[in-house]
Amino acid sequence: MEYRQFAKPAAVLVLGAGAAAWAIVNSGGSGDASPEQSFIPDTARNAGVLGHPRISGRALINPAQGSASKFDNIKAEYMTASCVSCHVNRGRDFTPPVLRTKEGEPGPAYYLGGEKGTVFNATSKAFEQESPAITEAGLTNRFKAGEIIFEGNFVPVKRNRFGGLGPTYIKSSCLACHPGYGRGQRTGNFDRQYGNGYLAFVHNPDGTPVKGYTGMLQTKAVPPFVPYAKGVKIEWHDFVDQYGNKYPDGTPYNAGKPTEGTLTYPTADVIEPLLPLPADYRVSIESTIGIYGTGLLDAIRDEDIIAEYRRQQSMTGPVKGIPGKWIDEPDGTRRLGKFTWDCSRATLENGPGANALWNVTNVTRKNRPNIYMTPEWLEKQKELGIDVNGLEGPQEEELSMQQYEDFMVWHRGLAVPAARNLDKPDVRRGQELFNKLGCAGCHKPEWTTGEYKPLPGYANQTIRPYTDMLRHDMGEINRGRSRFWRTPPLWGRGLMHKTANHTDMFHDLRARDFEEAILWHFGESEFSREMFRHLSAEERGQLIQFLKAL
């Protein structure tokens, strides 16, 4: 495919050493540039970069900066494949993995979770399978025992099986938030139990929790206790971009679908809050994240994530991911945050699942002995005349450590379904476009795991999750608690509808399918959005076919 200049053509691609030398000598200084002028950037000229294309003044957000402009002054719609190759993809190895063995069997390309973490299952149960590493370690029975905890419905009566729910809680079951073992589905009803994976956050403008409220808002309570709020109101809004929700060829977004020509996003507010709220409070909703393959992500070395961070920061392009904070773990180690949408958890042992099993249900255990609550909530219960005797301090063990450890065996051991249809020409072409458009700048295709003591079979596996494990600025329109979101893995996404009966994506599920997910890429990734918009309809379809094959 011939990659096009995305606005009125004015930049001239200068080829050959002699032509490049001419361009450098005659490109002028760093003075003002008009939209009709073109130039070689000072940074390229001073570095002696030969063959750099001339830049149109029309490509600049502020033409007055002329050749002194930095890369972030170039409008997203002027980015081309040649820009991406140097400013986004430099350092990436796009050598395609082997598709087929000599015997004609699926090759390494299909093993998204490596040999020990991949299963060839494309049914509605694809996300529920134990990995080969679990089987080989003789952990099948513990895996199944942990699965029972995940699927169980907790109840308030402590002497019953799955007892200990409350006093306040979000959901009574892990499975309710993770239909089909994936992530939640978009909804306008926050009170909906099964399939609704939304979590609500009452926060200040800087993203910190409002004083008195738990980090994740609990809207349910066991009588006589009163929850932090009676609920969350979700409203969906239409979004129309600067192009009228149309591609340059005039085709509307979502052409031929019931959603044709539309994009929507949610906002949220709290219903009947129990505690005072500041005037500038905000409420954001975030979706649960898929749980299969998380053990393999846990096995990625911190130093390798930092190396990817440094690669991105070393370039002048728009992709500038940032890692999570360093976190002191319960075992005394210091690890890099890489789980949750904001990389607030470093390891699975102290990660989102281990935490959610406690704070979503408020079921206590030896390593989470206290009730998930705030002092302000406790005082309010007292004001309401409710007996809170015994709620403070360590509680009796409601979930045994054996149950918890089995749960973690299951959590780590969930396999990744193999890729599909990678041999098809349209899928292979889609993969080429994925790389050329800079999608791989954030969705890093491949990692090699390190030593992994919790499940040694996961060590030294070549995995293809398509995430860099870093957070990226996705633009103001995508702001929730912040504008920065961890790159979600793409493995298994093509099986979402089959496993969970939906294809909703993004941090708040505003994207209803792959096409919309791409169209919601702003901030650091807007250039890829623009390049996708300017593909032909056939090419857009090929890129989506590749994503569906993962």
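The values are calculated or read from the model by the stated rules, or taken from the named source; none is laboratory data. Computed from a prediction, not measured in an experiment: that's the story for all the values here. Cβ coordinates were reconstructed from backbone atoms using ideal geometry, including for glycine residues, and neighbour counts include every protein chain displayed. Calculation scope for accessible area: heavy atoms of the full protein, side chains included, ligands and nucleic acids excluded. Shrake-Rupley method; radii C 1.70, N 1.55, O 1.52, S 1.80 Å.
Taking a 1.4 Å probe, which of 178, 237, 497, 203 shows the most accessible area, and what order do the others take after it? Each step should come with its number before you reach the end.
Numbers: 178 25, 237 55, 497 110, 203 0 Å².
From most exposed to least exposed: 497, 237, 178, 203.
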Taking segment 431-480, how much of its Cα-Cα pair set, in percent, is spaced more than 15 angstrom apart? 60 percent
In nm, to one decimal, how far is the residue 151 label point from the residue 421 one, both placed 7 Å along Cα→Cβ? 2.9 nm
Cα-based reach from residue 70 at 18 Å (exclusive), listing lysines while leaving out same-chain residues under 8 positions away: 320
Check: segment 442-504 dipole with +1 on Lys, Arg Cβ and -1 on Asp, Glu Cβ, in debye: 140 debye
Between residue 340 and residue 476, 0.36 nm times their residue separation minus their Cα-Cα distance comes to what? 47.0 nm
Starting from the residue with the highest accessible area, list 191, 513 in decreasing order, probe 1.4 Å. 191, 513
Starting from the coordinates of the alpha-carbon atoms of segment 114-188, obtain the Kirkwood hydrodynamic radius over all distinct pairs and give the value in Å to one decimal. 14.5 Å
In whole percent, how big is the carbon plus sulfur part of the accessible area of the chain, probe 1.4 Å, protein atoms only? 52 percent
Quick one: accessible surface of residue 471, probe radius 1.4 Å, all protein chains present, in square angstrom to the nearest 10. 40 Å²
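Between residue 233 and residue 314, how high is the FRET efficiency from 1/(1 + (r/R0)^6) when r is the Cβ-Cβ distance and R₀ = 51 Å? Nearest 0.05. Provide the component values of the computation, followed by the final result.
On the way: r = 45 Å, r/R0 = 0.88.
Once rounded, the FRET efficiency stands at 0.70.
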Non-local amide H neighbours of residue 344 (under 5 Å, H modeled in plane, Pro and chain starts lacking H): which ones? 339
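Distance check, please: which entries in 125/158; 220/548; 102/424; 75/325 exceed 29 angstrom between their Cα atoms?
On the way: 125/158 32 Å; 220/548 37 Å; 102/424 18 Å; 75/325 31 Å.
Pairs exceeding the cut-off: 125/158; 220/548; 75/325.
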Residue 38's amide H: which non-local residues (gap 5+, or another chain) put their own amide H closer than 5 Å, with H modeled 1.01 Å from N in plane and none for Pro or chain starts? 57
Subtracting the Cα-Cα distance from 0.36 nm times the residue separation, let me have the gained length for residue 36 to residue 389 in nm, one decimal. 119.5 nm
Rounded to the nearest 10 Å², the accessible area of residue 495 at probe 1.4 Å: 10 Å²
Taking every C-alpha to C-alpha distance in segment 222-286 and binning by 5 Å from 0, the per-bin percentages run 4, 13, 17, 14, 11, 10, 9, 8, 7, 4, 2, 1, 0
Measure up 116/436; 233/366; 116/498 against 26 Å on the Cα-Cα distance and list the ones that go over. 116/436; 233/366
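Provide the gained length on full extension for the span residue 378 to residue 325, in nm with one decimal, where the gain is 0.36 nm per separating residue minus the Cα-Cα distance.
Working: separation 53, 0.36 × 53 = 19.08 nm, distance 3.06 nm.
Gain on extension, residue 378 to residue 325, equals 16.0 nm.
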Spelling it out for residue 509: with amide H atoms placed in the peptide plane at 1.01 Å from N, the residues 5 or more places away or on another chain with amide H under 5 Å from its amide H are 287
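Do you know the relative contact order of the chain, to the nearest whole percent, from alpha carbon pairs under 8 angstrom that are 6+ apart? Mind dumping the intermediate values first?
Values: 1123 pairs, mean separation 102.2, N = 550.
Across the chain, relative contact order equals 19 percent.
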